[in-house]
1. Looking at Asn134, Asn163, can you tell me which residue is open to solvent by less than 10 Å² (accessible area, probe 1.4 Å), within 16 Å of ligand 1 (Cβ to nearest atom), on the phi < 0 side of the Ramachandran plot and assigned to a loop (DSSP other than H, G, I, E, B)?
2. Please indicate, with yes or no, whether at least one residue in the stretch 196-205 is more than 16 Å from ligand 2 (Cβ to nearest atom), buried (at least 24 other Cβ atoms within 10 Å of the Cβ) and outside any strand (DSSP E or B).
3. Working only within the stretch 601-619, note down all residues that are closer than 13 Å to Phe574 by Cα, open to solvent by less than 50 Å² (accessible area, probe 1.4 Å) and either of a type in the set (Ser, Thr, Tyr) or under 29 Å from the mean Cα position of the chain (by Cα) (or both).
4. How many residues are more than 16 Å from ligand 2 (Cβ to nearest atom) and either open to solvent by less than 30 Å² (accessible area, probe 1.4 Å) or in contact (Cβ under 8 Å) with a residue 60 or more places away in the chain (or both) when one looks only at the stretch 620-651?
5. Among the candidates Ile376, Ile387, which residue alone is surrounded by fewer than 24 Cβ atoms within 10 Å (Cβ to Cβ), of a type in the set (A, V, I, L, M) and either at pLDDT 95 or above or within 32 Å of the chain's Cα centre (by Cα) (or both)?
6. Of all residues in the stretch 321-342, how many are assigned to a loop (DSSP other than H, G, I, E, B) and either within 20 Å of the chain's Cα centre (by Cα) or surrounded by 22 or more Cβ atoms within 10 Å (Cβ to Cβ) (or both)?
7. Could you list all residues from the stretch 562-617 that are among the basic types (Lys, Arg) and out of contact with any Asp or Glu (no Cβ under 8 Å at 6 or more places or on another chain)?
8. What strands (runs of 3 or more DSSP E) lie completely within the stretch 352-432 and have 1 or more residues being basic (Lys, Arg)?
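The values are calculated or read from the model by the stated rules, or taken from the named source; none is laboratory data. The shown structure was predicted, so the numbers you read here are calculated from the model rather than taken from an experiment. Cβ coordinates were reconstructed from backbone atoms using ideal geometry, including for glycine residues, and neighbour counts include every protein chain displayed. Please note that ligands, DNA and RNA were not included when accessible areas were found on the heavy atoms of the full protein model with its side chains. Shrake-Rupley method; radii C 1.70, N 1.55, O 1.52, S 1.80 Å.
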Amino acid sequence: MSLSRRTGWLVATATVATTMVYGFACAPANRPAGAVGNADAASKVYVAPGQHDEFYAFMSGGFNGQIGVYGLPSGRLLKIIPVFSQFPENGWGYSEETKPMLETTFGNIPWDDLHHTALSQTAGEDDGRWIFVNANNTPRVARVDLKTFEATEILQIPNSGGNHGSPFLTSNTEYVIASTRFSLPIPQADVPISDYKKAFKGTISFISANEEGKMDVAFQLLVPGYNYDLARAGKGPSKDWVFFTSYNSEQAYEKLEINASKADKDFIAAINWKNLETCAKNGKAENWPVDYVHNVMDEFSRVARSEIKKSVKMLTPQSCPNSIYFLPTPKSPHGADVDPTGEYIVAGGKLATVIPVHSFTKLQQAIKDQAFETTIEGIPVLKYDAILAGEVKDPGLGPLHTEFDGKGYAYTSVFISSEIVKWKLGTWEVVDRTPTYYSVGHLMIPGGATTKPAGKYAVALNKITKDRYLPTGPELTQSAQLYDISGEKMKLILDFPTTGEPHYANAIAASKIEKQQKKYYSLAENRHPQVAKSEREAGIERKGKVVHVRMTAIRSHFAPDNIEGVQVGDTVLFHITNLEQDWDIPHGFAIQGAINSELLVMPGETRTLKWIPKSVGVFPMYCTDFCSALHQEMSGYVRVSPVGSSVPLMANTLKAKGQVARAAQRGITLPTPPGSVEGHAAHATGTPRPR
Ligand code: RUQ
Ligand code: CUA
């Protein structure tokens, strides 16, 4: 990193915030290119055709509201998992079954900002069951099942304004822990913003997470009106604790850039969640009324349902003493990371000139000795010197997040000076530093948040790529960069674009989840209320202005594939059941003029598309997934007649064909709708159509 830029920084500290902003602009254009192109690097990331990657990496997509799944070390994009945002590629949030997943007390929200991922853990190690992610804007957390790579549960978080510091897991996935970024009037109220200091509070939420379908806010802790940020739960000796950074201890509510950057130190909030749990169990919490929504995808019907919850258990530092302490920490800290032994708590002070490391042993001693500087709203503030393990000097400009390799080293991402700084736990000396291209935010080492990191790779998640790739109009891609950290020196070995803006990411050994993949949903177990488990069960039914079409899909046709008797303004619900019972045979479904996306129906499941025809005519529908050689033949028509038309409702199902055939045997001709060209029976008996 260039010396002149560092001097420039020191000179410019008067307007620290401005430097933060322009830090982007002076990203090092004149730096050696950091070219990856040698054969040695190539061989390290080359995964031969037909071979599998060693790790799955789950990367947050930021403002796309999704998770990108990549293979490491190849950097190959395997899948996008939509969570908080509608996704036309597979109908997430467009199909009637998935729409409830996006329900909130603000209505059905088609988007959010997803920043952090957290793999479920057992005894401090990744266990491959789930990955949890946060929605920043309208506070929510989601559970994604790692057998299906689908979000199965979303819980809104009440009493929260900006769910950024979230989700963080305790070492047995007892709780998903989340903070509010913005303090608010709690409960919400119409108050002047200038009442911030007296009326605004923060909350930390503890969400029970170990049982599928049962996420709930177990209790919340009311905290002073600061901004809360990232956290880690402890491990080993510190496993009953969680450590949250906070900033804006100035309690500014305007021009935060300046007004929240005044104090030399803000705090890490050290919270004993076990204590809080006991307090909540012993009736120390008050029930605070507040509405929030819980959405669950039912495993067997594959239909999501929403329920509204009505209150939370609220604890305060006073009602549950000895549960929260403030650790003074320089300056506007962002990341708080706990090393694999559980002893060290590392803070990334966005504006700090050192990386402070607190000691859990010292913290406990300081609490015993009551080494308090002061008390804020019932929260003891410990003395900095009494808890400090050490400071990493010369950490670069704007240290943010730290990960660990399990071999005694820590790696800190440094935003303004665009680098990764490697340092030694215990001696605090910097042993290596390497540039990133550019403006690295988070850093990820597979297992880096656990007691057993796989210290082989580190991934830098970069905000800016400038000149690194082919340009793509006004917005250039973000990127991930892969470093080999197995040796003494970090080596950049791969550079690949990501979808959306990556914030945090996790990676897990492929061997932990590869074998558990669900291949298809069992048709026999399908409990969807409108399932058709065979073509014989397909059918059509009118209930007032609503028409239900139970349709099946199998290579290479829909049944029924001709529908008549629908009228303008009807709500037509196409319930498509994919009859396939084989891996990777989805069928798609789309109809002209639908204002929802397509459906992509997995084998054995039922998905519903809502369509409200606006004009008369005959409209084609077709399969959108190239499923077989005769995929192009997988199509059909819906005839739409005027309101009040006498065209009878009909679908050319097997049942309909059976009726016509039986009627014919008895010498009865079923009525032919007026205005029908070929006549109804001709359709229904399946007379070959001219092509
Ligand atoms: S944040 S770049 Cu949203 Cu995790 Cu630190
Ligand atoms: Cu089914 Cu194409």
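1. Values: Asn134 fails: assigned to a loop (DSSP other than H, G, I, E, B).
Asn163 is the lone residue from the list that is open to solvent by less than 10 Å² (accessible area, probe 1.4 Å), within 16 Å of ligand 1 (Cβ to nearest atom), on the phi < 0 side of the Ramachandran plot and assigned to a loop (DSSP other than H, G, I, E, B).
2. Step one: list which residues in the stretch 196-205 are more than 16 Å from ligand 2 (Cβ to nearest atom), which gives 196-205.
From what is left, the residues that are buried (at least 24 other Cβ atoms within 10 Å of the Cβ) are 202-205.
From what is left, the residues that are outside any strand (DSSP E or B) are none.
Within the stretch 196-205, none of the residues are more than 16 Å from ligand 2 (Cβ to nearest atom), buried (at least 24 other Cβ atoms within 10 Å of the Cβ) and outside any strand (DSSP E or B).
3. The initial filter retains those residues of the stretch 601-619 that are closer than 13 Å to Phe574 by Cα, namely 601, 606-613.
Pick out the ones that are also open to solvent by less than 50 Å² (accessible area, probe 1.4 Å) and you get 601, 606-609, 611, 613.
Selection gives Val601, Thr606, Arg607, Thr608, Leu609.
4. Residues of the stretch 620-651 that are more than 16 Å from ligand 2 (Cβ to nearest atom), as a first pass: 637-651.
Then drop every residue that is not either open to solvent by less than 30 Å² (accessible area, probe 1.4 Å) or in contact (Cβ under 8 Å) with a residue 60 or more places away in the chain (or both), which leaves 637-645, 647-651.
Total satisfying the criteria: 14.
5. On the way: Ile387 fails: surrounded by fewer than 24 Cβ atoms within 10 Å (Cβ to Cβ).
Going through Ile376, Ile387 in turn, the sole match is Ile376.
6. Going through the stretch 321-342, the residues assigned to a loop (DSSP other than H, G, I, E, B) turn out to be 321-323, 331-332, 339-342.
Within this subset, residues satisfying the condition of being either within 20 Å of the chain's Cα centre (by Cα) or surrounded by 22 or more Cβ atoms within 10 Å (Cβ to Cβ) (or both) are 323, 332, 339-340.
Matching residues across the stretch 321-342 total 4.
7. Kept after step one, since they are among the basic types (Lys, Arg), are these residues of the stretch 562-617: 607, 610, 614.
Within the stretch 562-617, Lys614 is the sole residue that qualifies.
8. Details: elements: 354-359, 372-376, 379-382, 388-393, 399-404, 409-414, 419-424.
In the stretch 352-432, the matching strands (runs of 3 or more DSSP E) lie at 388-393, 419-424.
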